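Written below as structure tokens is the structure these notes are about.
The values are calculated or read from the model by the stated rules, or taken from the named source; none is laboratory data. The structure displayed is predicted, hence computed values, not measured ones. Note that each Cβ is placed from the backbone with ideal geometry, even for glycine, and that neighbours are counted across all protein chains shown. These accessible areas exclude ligands, DNA and RNA; they are computed on the full protein's heavy atoms, side chains included. Shrake-Rupley method; radii C 1.70, N 1.55, O 1.52, S 1.80 Å.
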Amino acid sequence: MECTHAGQNTDVLFRFLVQSAKDRAIFGIDLQGHIISWNPGAEHIKGWRAEEVLGQHFRLLFPEEYRQQGRPEMELKEAFETGHYQGEEPRQRKDGSLFIAEIDLWLLRDDVGQPCGFVKVTQDITERKLAEEALRQSEARLSAILASLAEGVTLHDEQGTIRFANAAAEQQLGLSANHLQGRTPFDPRWEAIREDGSPYPGEEHPHMRALRTGENVTGDVVGIHQTGGSRIWLSVNARPLRTPDGRVVGAVSSFFDITARKQAEEERAALLARERSTHAEAEAERHKLYAIFEQAPVGIAIYRGPHHVIQFANPVQCRFWERRCEELLDRPLIEVLPEELGPSIIEKACDPVFQKGEPQVFTEERFEFTRPATGERVEHYFNFTHVPMRDPEGTVEGFMGVAWDATDAVRSHQRAAVLAQQLQDRVDFEQQLIGIVSHDLRTPLNAIHLTVGAMARRDELDARTAQSVLRIQSAVHRAVRLVGDLLDFTQARLGTGIPIAPRASDLNQVTRQVLDQVDAAHPGRTLRVQERGDATGVWDSERIAQVVQNLVTNAIKYSPEASPVQVTTRGEDGWVCLSVHNQGTPIPPEKLPGIFEPLQRATSEVDSTGRSVGLGLYIVKQLVDAHGGTVDVASTPREGTTFTVRLPRHGDSRGQ
């Protein structure tokens, strides 16, 4: 509906626009979306003069993408239906540039309450959004910086409670950030003490003093107990956090672990005390120490001053440098080291010790250099430690280096790695060789099998010859089975898996066929079979027959000849089970965990003829796994030995 008093409403709107701030675009829109008024703020923000936009549809102000999406019409519809539309979206200036706008679109009604148009208020918030994004990025950078600091940092509220802890604080205090949050200096679990061993009251903690006094606290030393650990010493700084009006609302603490330094200081203090008692005694002790160093099996050297002048080097250290001891004393270390290594070693391992007074430890550092006399390239690995040495006033005057040659150990590790790889290569080669040999044996074995079969069918054979032919057939049959086992073993070990071809099968029928064959091969043994329920499913029947034959043959092999072998098949809901039981000597408990591993047998007393290489049960396990089933064994003196196979009726495709 159009406004019936558009002129009056426009005048009212105009007065409203005049009173508006210049940083906001305020303009009227009729019900069809055409611009009917345009204030100076709109011209300032959007770039169009009033005469350029009056009468134009306000979609002119939208980016092309939004116009194609129908966003102008959607805004009008929402404002018309709800009375107000609000959002933060890109808008387009006359020059085509975009800015982020905060938008309010209001529905106007006439004196009788009928919709008569809209008023739209737009504010350019691009700078605010950029500032918000900059703040977000700044906060992210601050978090990253705090997380990367080697120094522990904690933030505390007005009561001193920890509200934030960085990763270094977690590591040094021995607690996670979650466990640190909520703790205060008054927590008795800290067991805080001063350097003299007296208790350190919580109210005297550096950040509590910073909160109370509003002043910075620097270099306080506090001893605390880590949770479940030993006492550590921390050097703590604290600074109050203030609001813009100066009110203290919290504190930030930074600290680092000085336990090693404290220990070194205590040791040094004891040494200095002894030196002060008598200089002569100290000198004597020093000479005694040097005498001990002379006999030490590791390299020891003492360096003085910022240029690390060599004051002492024992014979082992001299050998490391390939110099005579008299060539080394009173010379800067840089003159002794190989030219290509000297600058980096000084910068990395020596200067920090002298300048900071902190020990340095290096492990299996590689040194490669050229001997000047021969031009030979030499490679060595060393472990070494540099410990600062201080004068009676505590000033670092040099350091002591202790080194030992780790070249043999490193090369032993390297040789061990090479040998391990060679061993693995050998194992891989042996497995491949087994596969190749067993595969190539099939052709002559098949030829022998066919020839002997043909001979066995001849009527003119006498009884003795016929018996010999049967023995040959039996031997060939065992050899074919062995070749098959070796091929299956090779496929399983090389990672390709034993292939299966599932199809509809009946475990009862497969079992009966296998038992007929086994019975013919072992006429003196009693085989009992029991069938319960439906035993049909989807499996590779030839492979399942192989499982049955291996388990039954295994039961015959490991049981007395007069005892029966019980074979049971039964159908269950979704599964079919096969169990093979014999009453032979039980499997020792220590061998049960590895019974399905290759080249394993239950005992060493059975099968002395060597007809098996211990692959039967391994192949059973691989075939059952390929069908998605399970195989277990139970063996006791009273109950005998039972292997149980459970197969899902619908099989599995992992072996294909």
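Quick look at the numbers
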| read-out | value |
| --- | --- |
| Top-ranked residue of the stretch 386-402 - restricted to ones that are of a type in the set (Val, Ile, Thr) and part of a strand (DSSP E or B), ranked as farthest from Val316 (Cα to Cα) | Val396 |
| Residue list for the stretch 26-63, restricted to those being touching a residue at least 24 places away in the same chain (Cβ under 8 Å), more than 18 Å from Gly117 (Cα to Cα) and either in a strand (DSSP E or B) or open to solvent by 10 Å² or more (accessible area, probe 1.4 Å) (or both) | Ile45, Gly47, Trp48, Glu52, Pro63 |
| Scan of the stretch 222-240 for residues that are open to solvent by 20 Å² or more (accessible area, probe 1.4 Å), without any contact (Cβ under 8 Å) to a residue 40 or more places away in the chain and out of contact with any Pro (no Cβ under 8 Å at 6 or more places or on another chain), ordered by number | His225, Ser230, Trp233, Arg239 |
| Meets criteria (among the charged types (D, E, K, R), surrounded by fewer than 16 Cβ atoms within 10 Å (Cβ to Cβ) and either modelled with pLDDT under 85 or more than 27 Å from Leu272 (Cβ to Cβ) (or both)) for Glu376 | yes |
| Qualifying residues in the stretch 493-514 (those that are open to solvent by less than 20 Å² (accessible area, probe 1.4 Å) and in a helix (DSSP H, G or I)) - the one modelled with the lowest pLDDT | Val514 |
| Scan of the stretch 241-259 for residues that are surrounded by fewer than 20 Cβ atoms within 10 Å (Cβ to Cβ), part of a strand (DSSP E or B) and among the hydrophobic types (A, V, I, L, M, F, W, C), ordered by number | Leu241, Val248, Val249, Val252, Phe256 |
| Selection count, the stretch 184-227, where residues are assigned to a loop (DSSP other than H, G, I, E, B) and either within 19 Å of Lys262 (Cα to Cα) or at pLDDT 85 or above (or both) | 14 |
| Of the criteria (1) at pLDDT below 90; (2) buried (at least 20 other Cβ atoms within 10 Å of the Cβ); (3) within 44 Å of the chain's Cα centre (by Cα), which one Gln549 fails | (3) |
| Selection count where residues are surrounded by 12 or more Cβ atoms within 10 Å (Cβ to Cβ), modelled with pLDDT under 80 and in a loop (DSSP other than H, G, I, E, B), scope the stretch 135-173 | 1 |
| Residue in the stretch 325-341 that is touching a residue at least 12 places away in the same chain (Cβ under 8 Å), of a type in the set (Lys, Arg) and surrounded by 17 or more Cβ atoms within 10 Å (Cβ to Cβ) present | no |
| Extreme residue, farthest from the chain's Cα centre (by Cα), among residues of the stretch 281-339 that are part of a strand (DSSP E or B), among the aliphatic types (A, V, I, L, M) and more than 22 Å from Thr395 (Cβ to Cβ) | Ala313 |
